[in-house]
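Only one structure is covered here, and it is reproduced in the block below.
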Amino acid sequence: MRRVALRRVVAPRCRRHFGERYRSASSVVAASSLVRGEQEAEEAAEKVASQLLEGLDGKPASFALWFAKGYGGARAEPIGPLLRARLGGDSGAEGAAVVVGSASEGGIIGAGDEAQEERFALSALAVHAPSIRAHPFHSSTIGLLPELGRGGNWRALARGRTAPCVLAFCTLPLAAGGGDPQGWATLLDRALARNDSEGAYAGGRLPAVVGGLPVGNHVFVDGESHAGGCFGLALDGGEEGVYLDAVVSQGSVPFGPWLKITGVGGNHVITELDGQNPREVLLPLINGPDVPGDGHTMAGVFVDPTPVTSLPGTEASRASLALAAMGGRPNCLVRPMHHFTPEGHLVVSPLPEELPYAIGMQLQLHCHSSAHALNELRSRAEHDAAMHGGRPPDAAVVIACGARGSSLHGEEGVESKALRSAWGRDVPTVGFFAGGELGPVGLKTYLHGYTTSCLVIRG
């Protein structure tokens, strides 16, 4: 007997909240679905589409995202066209839904659930948000800023009233010739940034780039299929107060003092900390009383958080940095520590190519574990909700490192339960387990590891 499991989460005007009815005045209506164990892609897509349409309660989808596990290559071909036909019709029609998705063999996330171990699984999120303008894009070249579809252009996006967001994905393995996902993220940052003279976005909101690297070579973007590449959606919240916010959890907690890097030997070898041998400085801390429980020791490195188009110290720069801190964005990049050399030098995972470890950088030890990852994720999601009067999001896109999920927590669905606990109710979600995650640190986007990066949407 073939096992097929369905899960659907709906955010219509009336929502169930632990047995009580929750009524929202939000302009955003969303629904998500996850289907497990269905071997035929067409059947899985048909079930998902039916669940989404039921959840939208007759309202048309503005855009939809989907991710699939087990339907590699040509087997995934029917998914995008079927969802587009059921949710939004012809992509050339006025008001038709924008549908974007890809294969993700590392596992998928959706409807408050996760599927890493299942052989076949499909998840999708459909969002009705009349004020959001969704501009799809695809490029086979990672080194160039992609052109936007549906009449969009980057300059107009950055000049809009509300802060835009880009959902950015790049398939693994990278195309021939490789490429630099971090450099691509920086291009997107520059495309969204305003000059100091242009002023802030409405409400002091900040633009964001959120996404990651799915494992798989099938991509569907607004009616067209591609063999891998860079793709996603540029979202403009419009004039009606739709909020697009990033929640980034690197899964660790800091301990010990800040230490200054005073010597480096190559891109990812630190030869001195506070003028001393790194092993002599760090071992007492790693084995000391301040270590917050069991876990893996990592290095948190404070990176330049200045906006890409601002000069440090300007009024606009200071104001934006304050907003980033108030919004709960992290202020350092966390990287695994590998080992000490015979000389006592510290070998640590590299930072982005254009940002090698350098003299003058500040470093603080972090402890990464399942418990810390869950606590930090829950805390950052709660902080985000508190910034909106305690109101949970209407929808969320969740990109988690492939080393999290069941690999870190021992079972599937643990982080989705933590988010549900933080939000106080089921929230429609979609996402995947990635080979690298994109999300902001301060006002810049970085390629992370061991991280869960979320875009949360509120009307």
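The values are calculated or read from the model by the stated rules, or taken from the named source; none is laboratory data. Bear in mind that the values here come from a model prediction, so they are computed numbers and not experimental data. Here Cβ is always computed from backbone atoms with ideal geometry, including for glycine, and neighbour counts include all displayed protein chains. Surface areas here come from the heavy atoms of the whole protein model, side chains and all, with no ligands, DNA or RNA. Shrake-Rupley method; radii C 1.70, N 1.55, O 1.52, S 1.80 Å.
For the reader, a short list of remarks on this structure follows.
- Answer residue from segment 290-312, given it is open to solvent by 50 Å² or more (accessible area, probe 1.4 Å) and not in a strand (DSSP E or B) and is modelled with the lowest pLDDT among those: L311
- Only one entry in G410, G405 is at pLDDT 95 or above and surrounded by fewer than 21 Cβ atoms within 10 Å (Cβ to Cβ), namely G410.
- Output for segment 382-401, where each listed residue is outside any loop (DSSP other than H, G, I, E, B) and farther than 16 Å from G237 by Cα: E382, H383, D384, A385, A386, V398, I399, A400, C401
- Sole residue being out of contact with any Pro (no Cβ under 6 Å at 6 or more places or on another chain), over 27 Å from R150 (Cβ atoms) and modelled with pLDDT of 80 or more, chosen from E77, E20, E38, E54: E38
- Hits in segment 63-74 - residues which are assigned to a loop (DSSP other than H, G, I, E, B) and either at pLDDT 95 or above or open to solvent by less than 30 Å² (accessible area, probe 1.4 Å) (or both): G70, Y71
- Given (1) more than 18 Å from the chain's Cα centre (by Cα); (2) open to solvent by 30 Å² or more (accessible area, probe 1.4 Å); (3) closer than 30 Å to V29 by Cβ, number of the condition R119 does not satisfy: (3)
- Filter result for L174 (farther than 21 Å from V247 by Cβ, modelled with pLDDT under 95 and open to solvent by 30 Å² or more (accessible area, probe 1.4 Å)): yes
- Among the candidates G106, G101, the residue that is open to solvent by 20 Å² or more (accessible area, probe 1.4 Å), of a type in the set (G, A, S) and within 24 Å of A68 (Cβ to Cβ) is uniquely G106.
- Condition met for L187 (within 18 Å of the chain's Cα centre (by Cα) and either in a helix (DSSP H, G or I) or not hydroxyl-bearing (S, T, Y) (or both)): yes
- Within the set G149, G143, G107, the sole residue that is over 29 Å from G405 (Cβ atoms), at pLDDT 95 or above and of a type outside the set (D, E) turns out to be G149.
- Residue in segment 234-248 that is within 20 Å of the chain's Cα centre (by Cα), of a type in the set (G, A, S) and modelled with pLDDT under 95 present: yes
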